[in-house]
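Notes for the one structure printed next.
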Amino acid sequence: MATAIVAATAVVSLTGCAKGGGSAGASNGDLVMWTHNAGNKAELAAVQKVVDDFNASQSKYTVKVQAFPQDSYNQSVTAAAASKKLPCILDIDAPNVPNWVWAGYLSPLTGLDAQLKNFLPSTVGKYNGKTYSYGFYDVALNLITKKSTLDSVGARVPTVDKPWTKQEFDDLLAKLKASGKFSYAADLMTGSTGEWWPYAYSPLLQSFGGDLIDRDGYKTADGALNGSDAVAWAKWFRGLVSDGYIAAKSGTDPAADFTNGKTGILYDGSWAADTLRQKFGDDVLFLPPLDFGNGAKIGGGSWQWGVSKTCSNQAGAMAYMKFATGDKYVAGVAKAAGTIPATEGAAALVPGYGEGEANAVFREYSQKFAEVRPVTPGYPFIATTFTKAAQDIINGGDPKSTLDQAVKDIDANQKSNNYFK
C-alpha cells in the first residue's frame, strides 16, 4: 500500500542481483524480480504464488523473487540503476512511475491492452500516452465512525451520492468536542510520515479547488498551490488543530485510539475494515470522503509492477506480466494485502468485495473519487515540498507565505529540469 509502514525485517545485497554483470536481471532464461514486501509475509507469499505458477506453466523462463524492506527499497533501486544492475521485474509506488520512466528505469508494457482495460484506472501507470505499470490493487481512504456516535449528536449518515459538506463536517466536529466523550473529535493520522501527507491531504486540497501543481503542462504550481482555494484549505487544516478538533501529531496507533473511544472519527484506509467490523459489528461505518465544493476526492494509485528498460529478456518479462494479470492472481495478492482488487473479476473472488458485499463500497469509492497524484517526473520533489509545507501549516505557520514558498521551490525544480522534457 502507498501508505503502509513495513518493518525492515530483511536486507538483500545488491551484489549478484543481475546475473552476468550488466545483463540487467536476466540470464539463461532466469528473470530477477524485486519487491518491497520483505516485511509483509502475507503479500510476499501471494506474489510468490504468482511466480511459482508462472514458472510451472512453461519451461522457457524462470522468475526469481528477491524481497526488500519498504523503507530501503527505493534507494536500492536507485543504486542498482546507477550500476546498471536493475532486475527485470520490479514493483513501484504508483506516483513514482513518471520519475522512473524519465530516469530511464522502465520499459513500456506491450501486449497487455486487452487485459489492462479491465483494471481500475488508478491501478494502471501511464505516462506520455504509454503504459508502464499495473497493480493488483488500490486502497480507499474513508471516514470511519460509529452509527451510534452520529446518532448521539443527530448527524446525517453521508452517502456516495451525497457526502458530507465542509459545513456539515465542521458542525459535527464541534458537537463531538462539546459532548466531552472524546479526547479529540477526529484523528486524521497526522502522526504518519512520508508519502501519507500528499496521499491523504492533497485530495482535501483538491476538493477545495486547489492542487499540488497546475496539471496543464506541469510547469508551475502558482495559483494551484497558493491560490485562494489552497489558502482556504490551509486555514481550515490549521483550524482543526487550533479549534481542538484534532491533534497536530496524532498518536502512534490511531486505529487503536478510535477503537478505545479516544476519537470519534478516524481518517484511515480500507485495510482497517475487517478488524474494525470484528470489534464493532454493524455499528461501524466506512463513509465517503468530504466534499469541500469541488467534489469528494481520495488518493488513487498504490504499488504497481513494471519491467526495467535494461532488462535483457524483455519477452520473458512481458510474458510474466501478462500471466500475472489473471483474476485469481489479482485476487490473491489483493486479499493478502487487505486491499481493493483491481479487476471486477478478482473482486468477485475476494470475500467481502463481491457485488452487494460489505467491502464493495471501497471499490465504489475508488471508481468514483480516486485522483492520481500529479503525473510528472517532478512528483517526488513536489511530494516532499508539500509535506513540509503542510506540516509547517498545521504547526502554526502562516498559510499564504508557507504555500508561496512551496510554489517557488516546486517551480524552480520543474524549471531546472527543463520541465522533464
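The values are calculated or read from the model by the stated rules, or taken from the named source; none is laboratory data. Source: prediction; values computed, not measured. Quick reminder, even Gly has a Cβ in these numbers, built from the backbone with ideal geometry, and neighbours come from all protein chains shown. These accessible areas exclude ligands, DNA and RNA; they are computed on the full protein's heavy atoms, side chains included. Shrake-Rupley method; radii C 1.70, N 1.55, O 1.52, S 1.80 Å.
Checking Thr220, Thr263 one by one, the residue that is β-branched (Val, Ile, Thr) and more than 29 Å from Val157 (Cα to Cα) is Thr220 and no other. Any residue in the stretch 230-250 that is under 30 Å from Ala42 (Cβ atoms) and open to solvent by less than 20 Å² (accessible area, probe 1.4 Å)? Checked the stretch 230-250: at least one residue is under 30 Å from Ala42 (Cβ atoms) and open to solvent by less than 20 Å² (accessible area, probe 1.4 Å).
None of Gly16, Gly22 is in contact with a Lys or Arg (Cβ under 6 Å, 6 or more places away or on another chain), over 24 Å from Gly332 (Cα atoms) and either surrounded by 19 or more Cβ atoms within 10 Å (Cβ to Cβ) or modelled with pLDDT under 95 (or both) except Gly22.
Exactly one residue out of Lys162, Lys177 is open to solvent by 30 Å² or more (accessible area, probe 1.4 Å) and touching a residue at least 40 places away in the same chain (Cβ under 8 Å), and it is Lys177.
If you check Asp282, Asp253 for being out of contact with any Asp or Glu (no Cβ under 7 Å at 6 or more places or on another chain), surrounded by fewer than 23 Cβ atoms within 10 Å (Cβ to Cβ), within 18 Å of Ser192 (Cα to Cα) and not aliphatic (A, V, I, L, M), only one passes: Asp253. Please go through the stretch 201-211 and pick out each residue that is out of contact with any Leu (no Cβ under 6 Å at 6 or more places or on another chain) and in contact (Cβ under 8 Å) with a residue 40 or more places away in the chain. The answer is Tyr201, Pro203, Leu204, Gln206, Ser207, Phe208, Gly209, Asp211. Looking at this structure, is Tyr184 touching a residue at least 24 places away in the same chain (Cβ under 8 Å), open to solvent by 10 Å² or more (accessible area, probe 1.4 Å), more than 18 Å from the chain's Cα centre (by Cα) and closer than 30 Å to Ser312 by Cβ? Against the criterion (touching a residue at least 24 places away in the same chain (Cβ under 8 Å), open to solvent by 10 Å² or more (accessible area, probe 1.4 Å), more than 18 Å from the chain's Cα centre (by Cα) and closer than 30 Å to Ser312 by Cβ), Tyr184 does not qualify. With respect to (1) out of contact with any strand residue (DSSP E or B) (no Cβ under 7 Å at 6 or more places or on another chain); (2) open to solvent by 40 Å² or more (accessible area, probe 1.4 Å); (3) modelled with pLDDT of 95 or more; (4) not basic (Lys, Arg), the lone exception for Thr62 is condition (1). Annotation note: of Asp52, Asp71, the sole residue that is without any contact (Cβ under 8 Å) to a residue 12 or more places away in the chain, charged (D, E, K, R), open to solvent by 60 Å² or more (accessible area, probe 1.4 Å) and outside any strand (DSSP E or B) is Asp52. Filtered by the rule that a residue be among the hydrophobic types (A, V, I, L, M, F, W, C), over 18 Å from the mean Cα position of the chain (by Cα) and closer than 18 Å to Val372 by Cα, the stretch 110-146 gives a lone residue, Leu116.
Just the residues that are in a helix (DSSP H, G or I) and over 18 Å from Gly338 (Cα atoms), please, taken from the stretch 257-280. Matches in the stretch 257-280: Asp257, Phe258, Thr259, Phe280. Here the helices (runs of 4 or more DSSP H) wholly within the stretch 338-406 that include at least 1 residues being aromatic (Phe, Trp, Tyr), in contact (Cβ under 8 Å) with a residue 12 or more places away in the chain and open to solvent by 60 Å² or more (accessible area, probe 1.4 Å) are 379-394. The requirement of being touching a residue at least 12 places away in the same chain (Cβ under 8 Å), open to solvent by less than 20 Å² (accessible area, probe 1.4 Å), touching an Asp or Glu at 6+ places or on another chain (Cβ under 9 Å) and under 20 Å from Ser366 (Cβ atoms) is fulfilled nowhere in the stretch 145-156; no residue meets it. Residue under question is Trp271, and the condition is that it be modelled with pLDDT under 95, open to solvent by 10 Å² or more (accessible area, probe 1.4 Å) and under 30 Å from Ala389 (Cβ atoms); does it hold? For Trp271, the condition - modelled with pLDDT under 95, open to solvent by 10 Å² or more (accessible area, probe 1.4 Å) and under 30 Å from Ala389 (Cβ atoms) - is met. For the residues Leu212, Leu204, Leu176, the requirement of being modelled with pLDDT of 95 or more, hydrophobic (A, V, I, L, M, F, W, C), under 16 Å from Ile265 (Cβ atoms) and in contact with a helix residue (DSSP H, G or I) (Cβ under 7 Å, 6 or more places away or on another chain) singles out Leu204. Taking the conditions exactly as written (assigned to a loop (DSSP other than H, G, I, E, B), of a type outside the set (Ser, Thr, Tyr), in contact with a strand residue (DSSP E or B) (Cβ under 9 Å, 6 or more places away or on another chain) and under 25 Å from Asp398 (Cα atoms)), does Ile246 satisfy them or not? Against the criterion (assigned to a loop (DSSP other than H, G, I, E, B), of a type outside the set (Ser, Thr, Tyr), in contact with a strand residue (DSSP E or B) (Cβ under 9 Å, 6 or more places away or on another chain) and under 25 Å from Asp398 (Cα atoms)), Ile246 qualifies.
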